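Okay, so here's the structure we're looking at.
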Amino acid sequence: MMKTMRMFAAVPALVLLLAACGGGDGSSNGSATDGIRTIEITALDTLRFEPASVTVQAGETVRFVVTNAGQTVHDFFVGTEEEQMEHEREMQDMGDMGDMGHGDAQADTQALTLDPGETGELTMTFEEPGEVLYGCHQPGHYAGGMVGTITVE
Ligand SMILES: [Cu+2]
């Protein structure tokens with residue numbers, strides 16, 4: 001869809017737009033109203049995401065708004081099962097460096113690390129039908145079942 005592609009291109013430009021416009025155009029301030037669907041997800045200390053599964057359309061750009069409702073740090077890492085396993089290994093290798101250690105650039109666009117009570121946003125486009133996962137890679141969480149499924153139709 002043309003609309004989807006336009007929105008995807010607009011995301012990196014948002015900071016520039018905000019800097020340049022300074023809020024003169026109040027009627028169109030909203031990336032939130034520009035057709036990007038928002039999916040709210042809550043991370044819980046029971047090592048679960050609520051909801052545990054979501055469905056998106058192929059080519060659709062969605063904004064995940066993730067709230068950590070727990071008392072401990074949780075991650076929201078989006079990737080295939082393979083990427084989840086790889087990320088899990090990386091996190092284990094980093095050991096005590098812990099949550100500040102997401103070294104690779106890829107993780108920066110696919111992952112949030114949320115303190116207790118914190119809410120973060122991740123805007124992504126899923127191009128191909130299939131199954132993608134969102135997992136928490138704090139120690140023991142992914143193994144404990146803290147993973148959800150994104151079905152791309
Ligand atoms: Cu977690």
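Taking residues in the range 134-151 that are near the ligand (Cβ under 9 Å from one of its atoms), and partners anywhere that are open to solvent by 20 Å² or more (accessible area, probe 1.4 Å) and among the acidic types (Asp, Glu), the pairs with Cβ atoms closer than 8 Å and at least 6 places apart or on different chains are 135/88; 137/88; 138/99; 142/88. Pairs meeting the criteria (first residue in the range 47-59 and within 16 Å of the ligand (Cβ to nearest atom), second residue not in a strand (DSSP E or B), beta carbons under 6 Å, at least 6 apart or on different chains) are 47/141; 47/144; 47/145; 47/146. Taken over the range 70-86, the criterion of being closer than 10 Å to residue 132 by Cα and small (Gly, Ala, Ser) is satisfied by 79 alone. The residues in the range 120-153 that are part of a loop (DSSP other than H, G, I, E, B) and open to solvent by 30 Å² or more (accessible area, probe 1.4 Å) can be counted, and the count is 9. For the range 48-97, the candidate set comprises residues that are polar (S, T, N, Q) and open to solvent by less than 20 Å² (accessible area, probe 1.4 Å); within that set, the residue that is modelled with the highest pLDDT is 68.
The values are calculated or read from the model by the stated rules, or taken from the named source; none is laboratory data. Note that the structure is predicted; figures quoted are calculated from it, not measured. Here Cβ is always computed from backbone atoms with ideal geometry, including for glycine, and neighbour counts include all displayed protein chains. Ligands, DNA and RNA are excluded from the accessible area calculation, which covers all protein heavy atoms including side chains. Shrake-Rupley method; radii C 1.70, N 1.55, O 1.52, S 1.80 Å.
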